[in-house]
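S.K.: Supplied in structure tokens, the structure appears directly below.
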Amino acid sequence: METLREYLDLGSPPYRASALEHLSEALARLPADVLDRLVLKLDLSSLFRRAPRRPAQAILDMLTRNRVADLSVAARAAVVDALQIGPTPRRFEKAIRDVLLATSGDDLTALKRAIDAGNSHWDMVELVYHDIDSTTIRREVLQHITREGARATRRDLKILSDVDDTLYANWKDRRYPPKTVYPGVLQLYRELDLAPEGVASPAGDIAFLTGRPGGACGLFEDRYHRKLGAKGLDGTILLTGTCLHQFVHGLIFSQKWANFQQFQGLYPEFDFVLFGDSGQADPGLLAALVRAHPQRIRAAMIHDVVGTPEPIRRAWQEKGVFFFDTYVGAAFELTRRGLLEPEAARRVLEAARNDFEGLVFHDLTQRQARQAELERDAARLHA
């Protein structure tokens, strides 16, 4: 009996038809655990694209039809990733569909998370709406996702956030030094990601809804992923626009709206907490999304970076959009809504104070004003 190393050699370059036929026969009879380990180690993308067509297709059929039920979620994600990265001819689209349709319930949620987790533009949105060109196959996939979402017994949370002036100061906000990651924001997003309503949840549910361009072949988007990783956010999703969308107010709104509609359709088993800022189109966008999805948007939060007067804040709040000055204030509001446990809010406060201490302001008055805001919202937590 061959060892795992020998099976790997059969499926490695230089590809020989006889070796691949031997591997295909082995895949049909290997125990599930060995099959899984083999799938996770093989360079499937190269095999499917560079190996002789007939034996490679036999291996593809084996993994996406005959034995897909024996594969773990991680192995299924590896197969989909291999098919997604690069050209996706019709036979690849069918294979992707077969893997997704063979996966249901919590496993389907985990598979979608795994596909999204690669820190690149190769994610579920790219897969379903761009890599799959066949409208028939896309419809089959979306119908399956919708059916499985309707069966879900638990509502988890996706956190969708703008980038500029929401995650860090980078557009209209002159209150903080340029490029400052706002005190407490990373901790708040992590707390919402891992434990909505106090129930343990897997990581990987933070997405950024931005007007920034994704670029050809996801070039800019992959660069943004690296920047977010450097700021402490790995495994996030980016929903991007184009160069034109980045600068035209109405187009920013329309692109973000379209991106959200696509994204929420891929995750019908989730509710959403939305974060934006007061510098551009976000208040109107979030209010429109609350109107369109009142049962699924659990909170719509606007980071106020332009000093919005209280009467205008109250008017937005009547539309379901809450303005806040600090992420401690946001944590307080989310605690009031039952989306964050008090202990989690206190961790956000501790992180915000630590983050603030590391900031370098060139204007002492500016620093004092920001610290006063932070401590004012801290007092609300302790009240």
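S.K.: Please go through the stretch 52-84 and give me each residue that is within 22 Å of A19 (Cα to Cα) and not aliphatic (A, V, I, L, M), ordered by number.
M.R.: P52, R53, R54, P55, Q57, D61, T64, R65, N66, R67, listed by residue number.
S.K.: Just checking, does the stretch 132-144 include any residue being closer than 14 Å to E269 by Cβ, hydrophobic (A, V, I, L, M, F, W, C) and in the same structural domain as G86 (by TED's automatic domain parsing)? Even if it seems obvious, please write down each step before you answer.
M.R.: Pass one, the stretch 132-144, residues closer than 14 Å to E269 by Cβ: 142, 144.
Subsequent filtering for residues that are hydrophobic (A, V, I, L, M, F, W, C) retains 142.
Subset that is in the same structural domain as G86 (by TED's automatic domain parsing): 142.
Within the stretch 132-144 (the criterion being closer than 14 Å to E269 by Cβ, hydrophobic (A, V, I, L, M, F, W, C) and in the same structural domain as G86 (by TED's automatic domain parsing)), the answer is yes, since at least one residue qualifies.
S.K.: Filter the stretch 156-184 for residues that are among the acidic types (D, E) and under 18 Å from the mean Cα position of the chain (by Cα) and give the result.
M.R.: Correct list: D156, D162, D164.
S.K.: May I pose another question? How many residues does the stretch 106-151 hold that are surrounded by 14 or more Cβ atoms within 10 Å (Cβ to Cβ), in contact with a Ser or Thr (Cβ under 8 Å, 6 or more places away or on another chain) and among the charged types (D, E, K, R)?
M.R.: 2
S.K.: Can you tell me which of E333, E373, E350 is under 14 Å from L192 (Cα atoms), among the acidic types (D, E) and part of a helix (DSSP H, G or I)?
M.R.: None of the others qualify; the one that does is E333.
S.K.: Next question, about the same structure. Counting only residues that are buried (at least 18 other Cβ atoms within 10 Å of the Cβ) and either in the same structural domain as A110 (by TED's automatic domain parsing) or among the aliphatic types (A, V, I, L, M) (or both), give me the helices (runs of 4 or more DSSP H) lying completely in the stretch 1-80 with at least 3 of them. Full working, then the answer.
M.R.: Values: elements: 4-10, 17-29, 32-41, 44-50, 53-61.
Where helices (runs of 4 or more DSSP H) fall fully within the stretch 1-80 and carry at least 3 residues being buried (at least 18 other Cβ atoms within 10 Å of the Cβ) and either in the same structural domain as A110 (by TED's automatic domain parsing) or among the aliphatic types (A, V, I, L, M) (or both), they are 17-29, 32-41, 44-50, 53-61.
S.K.: A follow-up question, please. Looking at the stretch 68-93, which of its residues are basic (K, R) and touching a Ser or Thr at 6+ places or on another chain (Cβ under 8 Å)?
M.R.: Matches in the stretch 68-93: R76, R90.
S.K.: Considering only residues of the stretch 86-123 that are among the acidic types (D, E) and under 20 Å from A152 (Cβ atoms), which is nearest to the chain's Cα centre (by Cα)? Give the derivation first.
M.R.: Of all residues in the stretch 86-123, those among the acidic types (D, E) come to 93, 98, 106-107, 116, 123.
Narrowing further to those that are under 20 Å from A152 (Cβ atoms): 106-107, 116.
Working: D106: 17, D107: 17, D116: 6 Å.
Taking the candidates together, the pick is D116.
S.K.: Another question about this same structure. Being in contact with a strand residue (DSSP E or B) (Cβ under 8 Å, 6 or more places away or on another chain) and in the same structural domain as V290 (by TED's automatic domain parsing) is true for just one of F356, F323. Which residue is that?
M.R.: Sole residue among the options that is in contact with a strand residue (DSSP E or B) (Cβ under 8 Å, 6 or more places away or on another chain) and in the same structural domain as V290 (by TED's automatic domain parsing): F323.
S.K.: Could you say whether any residue in the stretch 94-101 is touching a Lys or Arg at 6+ places or on another chain (Cβ under 6 Å) and more than 24 Å from I297 (Cβ to Cβ)?
M.R.: Yes: one or more hits.
S.K.: Does the stretch 284-303 contain at least one residue that is part of a loop (DSSP other than H, G, I, E, B), surrounded by fewer than 22 Cβ atoms within 10 Å (Cβ to Cβ) and among the hydrophobic types (A, V, I, L, M, F, W, C)?
M.R.: No, the stretch 284-303 contains no residue that is part of a loop (DSSP other than H, G, I, E, B), surrounded by fewer than 22 Cβ atoms within 10 Å (Cβ to Cβ) and among the hydrophobic types (A, V, I, L, M, F, W, C).
The values are calculated or read from the model by the stated rules, or taken from the named source; none is laboratory data. Computed from a predicted structure; not experimentally measured. Cβ sites come from the backbone with ideal geometry, for glycine too, and all protein chains shown count toward neighbours.
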